[in-house]
Amino acid sequence: MEAATASAPRETTARGRRPGPLGLGRRALDWLLNAYAGLALLYLLLPIFIIIVFSFNNPRGRFNFIWQEFSLDAWKDPFGVPGIGDALLASLEIAVLSTVIATILGTMTAIALVRYEFRARAATNFFIFIPLATPEVVLGAALLSLFLNAGAALGFGTILIAHVMFNLSFVVITVRSRLIGFDRSLEEAAQDLGATAWETFRLVTLPLIMPGVVSAGLLAFALSIDDFVITYFNNGSTITFPLFIWGAARVAIPPQIYVIASMIFLFTLAMMLLTVWQQRRAERMAAVRPDEEE
């Protein structure tokens, strides 16, 4: 009884005690980290927010730089500027084709680098990072020299080859990071149950690495549709959406450009959110285990 009576005031005092210097330091650190993260996020999203806001502007001149009044005219006719629809279509075609090709080749390359031992494996791992570290100006000029020496006509095809080339590295790195933590016992279990190598890949491996493949594809699409420097060196007579904006900026910046940019951003954001939702859903399903008692 005496021990219990003696411990009661101590517990009351401990609970009513104000946080010590260590607790205050942790709270201050948490507050600083949250403030820093908020400022960094604001810094990244502020230009995109301005683009979306100025897509509803009704400029009085040819340049959409100063806010005048709210208007929906640009959203009602986003392709009203001559040539902007053809430029966007060319960008979408190149982005889709280069994304599909780079995703397929990059996924196969990543599987080969992670799963198999071969003589050029170390060299391949090294050269995969070169397009990431090389400045785009140098890369675009090098590709232009390659195409001219090979006698290739500059245009849609050369842009597609260039986009596949620099997208391939991003796909390989993204998919490889997913494969490194892959549980090989699942594939072994499928083969023990009679599945062939192709069935194991199609029914076990590919569904489990699909979030990484989709993420790599979205990254490749985003890099391709807004590339300017490499495309400028190798476009020939083909005009993509970034090249159209660069050419129009000398004369005018209509609000339709902001509208299409907002559409691209919102579409990419929706696809990324869908990918994150599917990845979390797959993780929850993988964590479910049947009840041992049943």
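The values are calculated or read from the model by the stated rules, or taken from the named source; none is laboratory data. Since we're looking at a predicted model, the values are computed, not measured. Every residue, glycine as well, gets a Cβ built from its backbone with ideal geometry; the counts of neighbours run over all protein chains shown. Surface areas here come from the heavy atoms of the whole protein model, side chains and all, with no ligands, DNA or RNA. Shrake-Rupley method; radii C 1.70, N 1.55, O 1.52, S 1.80 Å.
Couple of notes before you dig in:
- The selection criterion, being touching a Leu at 6+ places or on another chain (Cβ under 9 Å) and either surrounded by 11 or more Cβ atoms within 10 Å (Cβ to Cβ) or farther than 30 Å from W198 by Cβ (or both), does not hold for S55.
- Matching option when the condition is surrounded by 15 or more Cβ atoms within 10 Å (Cβ to Cβ), closer than 13 Å to I230 by Cα, among the hydrophobic types (A, V, I, L, M, F, W, C) and out of contact with any Ser or Thr (no Cβ under 9 Å at 6 or more places or on another chain), among L139, L160, L144, L154: L139
- Test: residue in segment 271-288 that is polar (S, T, N, Q) and either at pLDDT 90 or above or not in a helix (DSSP H, G or I) (or both): no
- Residues in segment 183-229 that are farther than 27 Å from L273 by Cβ, polar (S, T, N, Q) and open to solvent by 30 Å² or more (accessible area, probe 1.4 Å): S185, Q191, T196.
- Members of segment 54-76 that are outside any loop (DSSP other than H, G, I, E, B) and under 30 Å from the mean Cα position of the chain (by Cα): F54, N57, A74, W75, K76
- In segment 82-160, counting only helices (runs of 4 or more DSSP H) that sit wholly within it, the ones holding 1 or more residues that are closer than 29 Å to T205 by Cβ, of a type outside the set (S, T, Y) and touching a helix residue (DSSP H, G or I) at 6+ places or on another chain (Cβ under 7 Å) span 84-115, 121-127, 130-133.
- Scanning segment 150-188 for residues that are without any contact (Cβ under 8 Å) to a residue 12 or more places away in the chain and of a type in the set (S, T, Y) yields one hit, S185.
- Some residue of segment 243-266 being assigned to a loop (DSSP other than H, G, I, E, B), under 27 Å from the mean Cα position of the chain (by Cα) and buried (at least 16 other Cβ atoms within 10 Å of the Cβ): no
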